[in-house]
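Read-outs throughout are calculated quantities, based only on the coordinates presented, and are distinct from any laboratory measurement. Just so we're clear, the structure is a prediction, and the values are computed from it rather than from any experiment. A quick note on method: Cβ atoms are made from the backbone with ideal geometry, for glycine too, and the neighbour counts reach across all protein chains shown.
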Amino acid sequence: MKNVRVIDVAPRDGLQNEAGVIALDEKAKLVRLLTLSGIDEVEVTSFVSPKWVPQLADARALCDVLANDPPKPAGVIYSVLIPNEKGMEQAVEVNERAGRRVLDKVSVFTAASQTFSRKNTNASIEETIERFRSVVARAKASSLLVRGYVSCAIACPFEGAIKPREVADVARRLADLGVDEISLGDTIGAGTPGTVVDMLDAVRATLPGEWTSGAFGINLHLHDTFGRAADCVVAALGAGIRSFDGSVAGLGGCPYASTPGKRAPGNIDTTLLIRTIRDCGFSTHASVDMLAAAAAVARSMVSAARSSSL
Ligand code: HMG
Ligand code: MG
């Protein structure tokens with residue numbers, strides 16, 4: 001049976017959008033339980049400006065705590081989100097301090113919407129791509145894999161619908177930089193099976209051939225605003241995508257994708273993601289049963305943080 005990669009982004013995408021304070025040991029517990037669940041990859045945290053995302057200001061401390069754990073199972077990837085060279089340096093330093101590979105991958109992020117790019121990173125799309133040039137070179141020199149995110153791959157909270165060819169153009173620029181993986185983000189969960197497949201077709205038409213085959217290339221990062229994400233997963237599997245992000249307990253949302261009165265929505269719940277993939281006849285390394293403990297911890301930490309922030 002063909003395996004589909006599942007990446008859990010809850011410790012990063014999930015916790016970046018929580019108003020309440022979540023203790024470091026709770027975050028570490030969530031990462032450990034996700035790792036035990038058999039998931040292929042955990043996006044552990046972000047090395048972004050703590051002024052922009054105070055919820056993840058403990059990124060260095062969290063990575064150092066994880067560095068003191070026994071080595072994770074072979075094949076499991078820990079990744080961190082970084083916007084620039086400063087973030088890259090912090091990721092490299094985690095491994096240097098540990099004297100071993102704790103982090104395996106860094107994820108740079110840009111968008112197919114200029115407005116969102118500016119709101120999220122204070123830079124145009126072109127400026128973000130320029131920033132990534134040295135970041136990707138540094139990652140390669142440190143033997144770290146690189147993911148390139150394209151946010152607003154379907155729609156932007158400020159500009160509305162985004163044309164597939166604009167997404168494809170940004171994806172192509174990331175591929176030209178030498179990233180190992182491109183993650184297409186439906187940041188506000190606006191996608192339908194039809195719009196997702198149209199966007200994927202446009203992206204694949206513009207990328208070199210090696211990107212259209214193999215499990216490790218194009219990834220889909222779906223938020224689940226309207227309950228359509230699972231249908232989009234089914235359509236994307238049919239279109240050949242073999243790597244998806246989810247967030248345990250459906251946590252998530254970019255604070256810079258929130259509009260007045262409308263909080264950015266969570267990612268597709270990893271449990272629903274795995275069930276959907278399996279229902280389509282594929283296998284996953286992680287199991288729903290093994291994820292249950294992580295889901296329980298995720299729910300309780302977030303509900304405690306939400307009630308303490310009221
Ligand atoms: P800026 O204000 O233009 O940056 O922000 P700056 O270079 O002028 O620096 C301002 C301050 O930030 C300075 O500190 C820097 O040292 C510091 P000060 O001198 O004022 O004390 N700084 C940093 N500190 C720690 N780590 C760093 C770093 N860089 C600068 N890496 C910047 C530009 C990109 C830094 C800022 O806009 C930023 O951090 N943005 C991150 C926003 C974010 O994390 N958004 C959520 C993630 S994206 C997302 O959720 C979408 C996704 O899930 C996919 C999808 O759903 O579509 C990935
Ligand atoms: Mg996201």
Student exercise, the chain dipole from Lys, Arg, Asp, Glu Cβ charges, in Debye to nearest 20: 180
In debye, nearest 20: dipole of segment 251-310 around its Cα centre with unit charges on the Cβ of K, R (+) and D, E (-)? 240
Please list 115-125, 69-79, 190-200 highest first by mean number of surrounding beta-carbon atoms within 10 Å per residue. 190-200, 115-125, 69-79
Please state the relative contact order of segment 109-220 as a whole percent: Cα pairs under 8 Å, 6+ residues apart? 27
Of 105/262; 86/119; 51/140; 72/262; 29/105, those spanning more than 30 Å from alpha-carbon to alpha-carbon: 105/262; 72/262
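Highest mean first, what order results for 276-287, 26-37 on Cβ atoms within 10 Å?
Numbers: 276-287: 16.8, 26-37: 22.1.
Top of the packing list down: 26-37, 276-287.
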Under the rule of at least 5 residues apart or a separate chain, name every residue whose amide H is placed under 5 Å from the amide H of residue 156. 161, 162
Among bridges DSSP assigns within segment 5-309, what percent are antiparallel (round to 5)? 10
Given R₀ = 25 Å, what would the calculated FRET efficiency be for residue 296 paired with residue 60, taking r from the Cβ atoms and rounding to 0.05? 0.35
Along the positive direction of the dipole of the chain (beta-carbon charges: Lys, Arg +1; Asp, Glu -1; about the Cα centre), which of 34, 283, 209 reaches farthest? 34
Under the rule that a partner needs its Cβ under 4.7 Å from the first Cβ, which Cys of the chain have none? 63, 232, 254, 280
Taking H placed 1.01 Å from N in the peptide plane, check which residues at least 5 places from residue 178 or on another chain put their amide H under 5 Å from its amide H. none
Compute the distance from the alpha-carbon center of segment 1-78 to that of segment 179-249, in whole Å. 22
Determine ³J(HN,Hα), in whole Hz, for all residues of segment 166-176 in sequence, where each value follows from phi through the Karplus function 6.51 cos²θ - 1.76 cosθ + 1.60 and θ = phi - 60°; x replaces Gly and Pro. 6, 5, 4, 4, 5, 4, 4, 5, 5, 4, 5
Using +1 on the beta carbon of Lys and Arg, -1 on that of Asp and Glu, and nothing else charged, what's the dipole of segment 1-117 about the Cα centre, debye to 20? 180
Residue-averaged 222 nm ellipticity for the chain, from DSSP H runs of 4+ at -39500 (n - 2.57), nearest 500: -13500 deg cm²/dmol
Taking θ as phi - 60°, what are the ³J(HN,Hα) couplings along segment 272-280 by the Karplus curve (6.51, -1.76, 1.60), each to the nearest whole Hz, with x for Gly and Pro? 5, 4, 5, 4, 5, 4, 5, 4, 8
Give me the percent of DSSP beta bridges within segment 11-166 that run antiparallel, rounded to the nearest 5. 10
Would you mind computing, in nm to one decimal, how far apart the modelled labels at residue 308 and residue 101 are, each placed 7 Å from Cα along Cα→Cβ? 3.6
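Under the definition of Cα pairs under 8 Å and six or more residues apart, what whole-number percent is the relative contact order of the chain? Mind showing how you got there, number by number?
Numbers: 662 pairs, mean separation 71.7, N = 310.
Once divided by the residue count of the chain, the mean separation gives 23 percent.
Could you tell me whether segment 175-288 comes out rounded, prolate or oblate from its Cα gyration tensor? Rule is a ≥ b ≥ c as square roots of the eigenvalues, rounded for a/c under 1.5, then prolate if a/b exceeds b/c, otherwise oblate.
Note, shape of segment 175-288 comes out oblate.
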Taking the inverse of the average 1/r across all pairs of different Cα atoms in the chain, what Kirkwood radius in Å do you get? 19.0
Step through the residues of segment 232-243 one at a time and calculate ³J(HN,Hα) from phi using the Karplus curve (6.51 cos²θ - 1.76 cosθ + 1.60, θ = phi - 60°), rounding each to whole Hz and writing x for Gly and Pro. 5, 4, 4, 5, 5, 4, x, 8, x, 6, 10, 8
